[in-house]
Amino acid sequence: MRAYWPLILLLAAMWGASYLFIKVAVEDIPPAAMTELRVLIAGLLLATYLGWRVGVRRALEELRLAWKPCAVLGVINGAVPMALVAWGETHIDSSVAGIAQSTVPIFTFLLASRFLPHEPVGALRILGVALGFLGVAALTGLDTTGGWWVIAGTLAVVLSSLSYASGGVYGQLQVRDIPGPVLAAGSMLAAAVALLPLTVADPPREVPGMTALAGLLGLILLPTFAGQLLLFRVLRLHGSRKLSIVTYLMPAFAVVYGAVLLDEAITVAMLAGFALIAVGAALASGQRFFGVRVQESTA
């Protein structure tokens, strides 16, 4: 148990940095093309890692047997949400994107209450959903200086949270027996296939600058490749419930990275939205809150 907090903080730091890397990369690379490169290279790295662990022949066989769930997850847990975040960050700060994506537990609860019959529903969890969406409203509505494109960019990231939550619920229902590294490699490669038409439609018009390429490289190596491997380690050692605390730590890292490295402003709208979404997510997901567990949750 002594390794729990170091691993959780490292994972939150990696995933929280993804918004910083995306913001830097999309300055020069169109969102779809940037996401295509991200998932394709990460998928190849993960497939190489899988082959090293179990052997090339067995890796190919496991990927072949798991192609259907990998294809589904590649779309709803890869191509769609990652592309939405990348597009959103062409209009909003990286820190705002990190806060907006902390709505994942709220959507997970809503979907789980419909598709997972054993998922308990109570008044506090419903209150959590309401507070979470009030936080989204605060995040998009209190600061109108950016106009409608800022609202659209924020809502795109919120929509990506719904897609990620769908992937989580689908995973609980359909892919419990498939090893994590197989799903990671297969879903990233499937996401690359799904994104190819969008990439062809909007390719890079010029050679990206070194800063954008460095952002893309950091995005691939840290949150996408290394983050996936660390995720499986935390899941194996501590389980999904203890992993879920990452959701509440990621936005804080995103805000700090954005403020310190990109000189992004920390506004009243951000702080209000962050507080409401964090409280709402904790209530909706049944986390331990002020020392009391709201409800047990399997989502």
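Values computed for the structure shown
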quantity: Where a residue in segment 217-236 is in contact (Cβ under 8 Å) with a residue 40 or more places away in the chain and surrounded by 16 or more Cβ atoms within 10 Å (Cβ to Cβ) and its partner, wherever it lies, is of a type in the set (Lys, Arg) and part of a helix (DSSP H, G or I), with Cβ under 7 Å and at least six apart; calculated: LEU219/ARG38; ILE220/ARG38; THR224/ARG38
quantity: Selection status of ILE29, outside any helix (DSSP H, G or I), among the aliphatic types (A, V, I, L, M) and open to solvent by less than 20 Å² (accessible area, probe 1.4 Å); calculated: yes
quantity: Matching option when the condition is surrounded by fewer than 22 Cβ atoms within 10 Å (Cβ to Cβ) and closer than 23 Å to ASP202 by Cα, among VAL85, VAL150; calculated: VAL150
quantity: Odd one out for VAL72 among (1) open to solvent by 40 Å² or more (accessible area, probe 1.4 Å); (2) at pLDDT below 95; (3) in a helix (DSSP H, G or I); calculated: (2)
quantity: Residue list for segment 159-173, restricted to those being more than 10 Å from ASN77 (Cβ to Cβ) and of a type in the set (A, V, I, L, M); calculated: LEU159, LEU162, VAL169, LEU173
quantity: Leading residue by the ranking (modelled with the highest pLDDT) among those in segment 197-244 that are among the hydroxyl-bearing types (Ser, Thr, Tyr) and within 20 Å of TRP15 (Cβ to Cβ); calculated: THR224
quantity: Residues (open to solvent by less than 30 Å² (accessible area, probe 1.4 Å) and free of Cβ contacts under 8 Å to residues at least 40 places away in the same chain) located in segment 33-55; calculated: GLY51, GLY55
quantity: All helices (runs of 4 or more DSSP H) inside segment 79-195 with 2 or more residues being under 15 Å from the mean Cα position of the chain (by Cα) and farther than 17 Å from ILE277 by Cβ; calculated: 80-88, 148-174
quantity: Filtered residue count, segment 78-106, keeping only those that are out of contact with any Phe, Trp or Tyr (no Cβ under 8 Å at 6 or more places or on another chain) and either charged (D, E, K, R) or under 15 Å from GLN172 (Cβ atoms) (or both); calculated: 2
quantity: Residue count, segment 56-69 (criterion: open to solvent by less than 60 Å² (accessible area, probe 1.4 Å) and part of a helix (DSSP H, G or I)); calculated: 4
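The values are calculated or read from the model by the stated rules, or taken from the named source; none is laboratory data. Model, not experiment: these values are computed from the prediction. Note: ideal-geometry Cβ built from the backbone for every residue, glycine included; neighbour counts use all protein chains shown. Side chains included, ligands, DNA and RNA excluded: accessible areas come from the protein's heavy atoms. Shrake-Rupley method; radii C 1.70, N 1.55, O 1.52, S 1.80 Å.
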